[in-house]
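Undergrad: I'd like to ask you about the structure that follows.
The values are calculated or read from the model by the stated rules, or taken from the named source; none is laboratory data. Quantities reported herein were computed from a predicted structural model and do not represent experimental measurements. All Cβ positions, glycine included, derive from the backbone under ideal geometry; neighbour counts span all protein chains shown.
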Amino acid sequence: MEELTEQQHDDIAAYLSDQMTSAQKTVFEEQLSQNPALQEELELQQRIRRGMQFLSFEKEAAAMFARVKKEVEQESVQEDKQEEEEVEEKPLVIIVVRPLWKRPAFWWAAATVVLLLGLFWKLYTDDIPGGTGTPIAQKDSTKKPPVSTDTTKPDNPTPSPTPPTDPGLLLADAFFSPTPKANPAPVDLPVETDAGTTPDSVIIAQDSVAVVQGIELLRQKQERKAIGMLEKTVVEGYPGHWRACAEWYLSLAYLRDRQSAKALPILTRIVRTDGHPYQQEARQLRNRLKK
């Protein structure tokens, strides 16, 4: 194989760093089309640069993931502390209850009771006008069935019906984990993007942050907010590990929100995707939902 000169190595570095003029780039590309050794060296330098760039992406994403997780935990602790302080700062209300005999309404009520008792006694001792002389309070001679005084409870009381529980909600709680699976070692290297587009590292970091926040919302039983955040990651996220995690937690959010019809298609797509981090869990959950 032909060995490259030092100038050719410098030309490769300038070409990859976009430091050539248009004329220099045209001349270099003509040389590249005629020299297989130059082509092979260029491809090797591109792979090395992409590998180094991807390693920096992974470190940035891991650091951002740890920082966001710490911030979410600190916010939860601060909110709990603030609620405790608000409860402690509420003023103590002392209610003074006046005795009944010191209230005018008590004496009015007592006078009314005495008047009614006197009226009843008057009617009890007098005969009914135009009647047979039978007192009003005379007891009825008809026999009445005895009233049972047994207050013991029956041996086998009828249990009160319990409201049905959504099986999807129970299964979602059983399969939920507050920590997503770790990102495995990549196989395909990311493709370099133009200067005007968003770098892949930024998109990957945003996806990881969205997944962590969605999981925290699910932990706090805020399913509707979690669904909105995870849906956006599934639709607009970078194809890879974090978008796959967003699909799994979105299906759990749908089940918790009693939307099994939306969760089943996502679980089926995960089951049919080889290499998906949650393929086995999705298969088990889908089989239990169909029972």
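Undergrad: Listed residues P277, P239; which is within 23 Å of S201 (Cβ to Cβ), outside any helix (DSSP H, G or I), over 14 Å from the mean Cα position of the chain (by Cα) and in contact (Cβ under 8 Å) with a residue 12 or more places away in the chain?
TA: P277
Undergrad: I would also like to ask the following. Could you list all residues from region 236-291 that are within 21 Å of Q222 (Cβ to Cβ) and among the β-branched types (V, I, T)?
TA: Across region 236-291, the qualifying residue is only I266.
Undergrad: Just wondering, is there one or more residues in region 264-274 that are surrounded by 15 or more Cβ atoms within 10 Å (Cβ to Cβ) and either part of a loop (DSSP other than H, G, I, E, B) or among the small types (G, A, S) (or both)?
TA: No, region 264-274 contains no residue that is surrounded by 15 or more Cβ atoms within 10 Å (Cβ to Cβ) and either part of a loop (DSSP other than H, G, I, E, B) or among the small types (G, A, S) (or both).
Undergrad: Please count how many residues of region 173-187 are at pLDDT 85 or above and within 17 Å of G214 (Cα to Cα).
TA: So the count comes out to 8.
Undergrad: List every residue pair whose Cβ atoms lie under 6 Å apart, where the two residues are 6 or more positions apart in sequence or sit on different chains, the first residue falls within region 23-40 and is closer than 14 Å to H9 by Cα and in the same structural domain as I12 (by TED's automatic domain parsing), and the second residue, located anywhere, is polar (S, T, N, Q) and surrounded by 11 or more Cβ atoms within 10 Å (Cβ to Cβ).
TA: Qualifying pairs under 6 Å: L32/Q39.
Undergrad: Still on this model: Given K70, K81, which one is under 30 Å from V202 (Cα atoms), assigned to a helix (DSSP H, G or I) and not hydroxyl-bearing (S, T, Y)?
TA: Values: K81 fails: under 30 Å from V202 (Cα atoms).
Of K70, K81, the one residue that is under 30 Å from V202 (Cα atoms), assigned to a helix (DSSP H, G or I) and not hydroxyl-bearing (S, T, Y) is K70.
Undergrad: From the set of residues in region 23-56 that are under 30 Å from V202 (Cβ atoms) and small (G, A, S), which is surrounded by the fewest Cβ atoms within 10 Å (Cβ to Cβ)?
TA: Among those that are under 30 Å from V202 (Cβ atoms) and small (G, A, S), it is S56.
Undergrad: A follow-up question, please. Could you check region 198-221 and list, in sequence order, the residues that are closer than 12 Å to Y238 by Cβ and not hydrophobic (A, V, I, L, M, F, W, C)?
TA: T198, P199, D200, S201, Q206, D207, S208
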